[in-house]
């Protein structure tokens, strides 16, 4: 029986149902009602068809257009309206000294959680919400509950910029956490967070900006280091040395990978691979028969594809129909939890910038695994889930260590981190005041085996 709701909560359900319908969600009305009825908030766009976010009343999620509903924060944590509790002033100089008790710690997440980009990114903010639910069920941080506001920028740079401004100036967030977005969108708001001195803690890691800003605190190695790690895994574990690649034309990140492997970066050759074929593709392309035939004729043993996980699946399927079965060598953002079970991908190799999302023996993996089973929406986790969780753990450590949970306090605490590994969930992380993230030459390896993912070396990072 559905419990009685406040008028505001009922309105949220109606608005959410319309938003999900517009996005083509397959979530039924009853599922949405159960989530909100339980005191929780549902992130419109944050999980696409995966919705609802089971944050047991601790997450305040907003729609992609920035409209918000503060009516149901649940768990007695209060609301974030007016910047009370955990919020700073817009300049980042406010906040409370709260070693125990106080209003909610309000954090935001702006990212691309719908459309093609959302296929790869949506699990990131969902993991952040799973973390918040877990932390809040254990009493919060220093006695304060965490409130999460998720916004979907739809890969629209101007929209992402306005959402960032809303979070900072109206919602008074102390930090942006787990920001999974495109290069263009990040470029639209990077100078703003630098000006406002708002820490951005973790996200997709797919742009070189993450190691080039004093306000960006990445949970990953630098982009080039992660790509170099991918080349090394291919050279060491691949079934051959002849590398072929298909690079999407839809993102600057794809162009960067092409340059790193086949252009001026020469990563393929430097680590013992023989680059014999590459071509441009689109993530909207339905079939890749011509490219597969060309790669086969070039003698390709290893195939690298940049794009979203569905694009990788279609490439592998097209090649399989031509009896061409190269081993796929993939960056983490291009695969998901189901990739290793798809035709042509059962022996896939991948490199992830945060801990392997399955099979890890790291001390910190058990908590993630339990939280994802409870709040992950029934889907197997992928790289974005691991990165979202790692981002949250970086924020958590900074918040627990900061005497004042404010923007300035968090930045001060983050810049004390030296080689932190977060119970094996990250590469060694070091942040320097005025510079941000220090690059590290480490990454994590995974492989498909028997149709499922396994973690190389028990999930330990490899370094060079």
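Rule-based calculations on the coordinates, nothing more; no lab input. Everything numeric here is computed off the predicted structure, so don't read it as measured data. Don't worry about glycine lacking a Cβ; one is built from the backbone with ideal geometry, like all the others, and counts go over all protein chains shown.
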- line: Going from the fewest other Cβ atoms within 10 Å to the most, one would list 334, 134 as 134, 334
message: Using Cα-Cα distances under 8 Å and only pairs 6 or more residues apart, what relative contact order does the stretch 333-438 have, in percent?
response: 26 percent
- prompt: Among 457, 360, which comes first, second and so on when ranked by fewest other beta-carbon atoms within 10 Å?
  reply: 457, 360
statement: Fewest-first ordering of 164, 196 by Cβ atoms within 10 Å yields 196, 164
Net length gained if the chain between residue 320 and residue 138 were fully extended (0.36 nm per residue, minus Cα distance): 60.7 nm
- request: Describe numerically, in nm with one decimal, the distance between label points set 7 Å from Cα along Cα→Cβ at residue 290 and at residue 237.
  value: 3.4 nm
- prompt: What is the list of residues in the stretch 203-245 whose amide nitrogen lies under 17 Å from a point 7 angstrom out from the Cα of residue 280, following Cα to Cβ?
  reply: 245
- line: When all Cα-Cα pair distances of the stretch 224-352 are considered, the percent exceeding 25 Å is 11 percent
- line: Over all directions, the stretch 233-286 yields a Cα convex hull whose mean projected area in nm² is 4.1 nm²
message: Is the C-alpha gyration tensor of the stretch 115-170 telling us rounded, prolate or oblate? Criteria: a/c under 1.5 is rounded; beyond that, a/b larger than b/c is prolate, otherwise oblate.
response: oblate
message: If I stretch the segment between residue 310 and residue 298 completely, what's the gain in nm (0.36 nm per residue apart, minus their alpha carbon distance), one decimal?
response: 1.9 nm
message: Please report the projected area of the stretch 328-464's Cα convex hull averaged over all directions, in nm².
response: 9.0 nm²
message: With every atom except the alpha carbons ignored, what do you get for Rg and Dmax of the stretch 413-462, in angstroms?
response: 14.1, 47
message: Over the stretch 99-234, what portion of Cα pair distances is larger than 21 Å, expressed as a whole percent?
response: 43 percent
message: Please report the projected area of the stretch 207-252's Cα convex hull averaged over all directions, in nm².
response: 4.4 nm²
